[in-house]
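K.L.:
Have a look at this one before I ask anything.
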C-alpha cells in the first residue's frame, strides 16, 4: 500500500475532523455584542443613577414630624389677621411659630442626608397612632366645637397612646389643660377662638 505524503495526510485529517462548536473566543463573547467590543453601560457612556442616601433615619423622621406640626399651625391660622410689627394681631404668633417649625424641620431632615446618625428603632404603632389621632381630632374640632371640647378630646385620645390614666386623674388633667389653653390663647394672646360650642356659649370668652 503506497503511503501518502505528510502534507496530504494532514489535509485529509483536517477535512474529516467534525466541527466541535464555536471557538473559545466566540463562546466568551456575550450574545448580541461583537467580539472585542466593550459592553454594558461603558459602551453607551451612561452612568448609574445617583440615589439619595439617608445617613440618619431618626433625624429624617423627626424633621418631617416637626415640619408637619408647623404646617398644621399655619393651616389653622390661615384666616387670622397678622397685623404689623407695631400692631400685632391674633394670627401673628401662630404663623411665626408655624414658619419656624417648618424651617427647623427642614434643617433637621436635611441634616440626615449629610451626617451619620442612629437608625429608627423598632416601631410601636400605638403611641404614633394615638398622638396622630389626637392632633387631627383637635384640628378638626377646635373651630366647630370650641377650644375646651377640642382639648378634652385631645387628652382623651392621647391617653390611648401610652399607659392609660384612671378616669379621675384623666378628667383633672383635661380640665387643667383646657383652662390653661383658654388663659393663654384667648385671654393672653387674644386669639379669636370659640371656647364652647355655639349652642352652649354663642361668644368666645373675653378677658
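The values are calculated or read from the model by the stated rules, or taken from the named source; none is laboratory data. Source: prediction; values computed, not measured. So basically every Cβ, Gly included, is an ideal-geometry build from the backbone, and we count neighbours across all protein chains shown.
K.L.:
Please verify whether the stretch 106-122 includes one or more residues that are touching a helix residue (DSSP H, G or I) at 6+ places or on another chain (Cβ under 9 Å), surrounded by 18 or more Cβ atoms within 10 Å (Cβ to Cβ), at negative phi and assigned to a loop (DSSP other than H, G, I, E, B).
P.N.:
Yes - at least one qualifying residue is present in the stretch 106-122.
K.L.:
Next up: Criterion first (surrounded by 13 or more Cβ atoms within 10 Å (Cβ to Cβ), at pLDDT 85 or above and in a loop (DSSP other than H, G, I, E, B)) does residue 100 satisfy it?
P.N.:
no
K.L.:
Here's something else I'd like to know. Taking the condition of being assigned to a helix (DSSP H, G or I) and either in contact with a helix residue (DSSP H, G or I) (Cβ under 7 Å, 6 or more places away or on another chain) or surrounded by 15 or more Cβ atoms within 10 Å (Cβ to Cβ) (or both), how many residues in the stretch 157-176 meet it?
P.N.:
8
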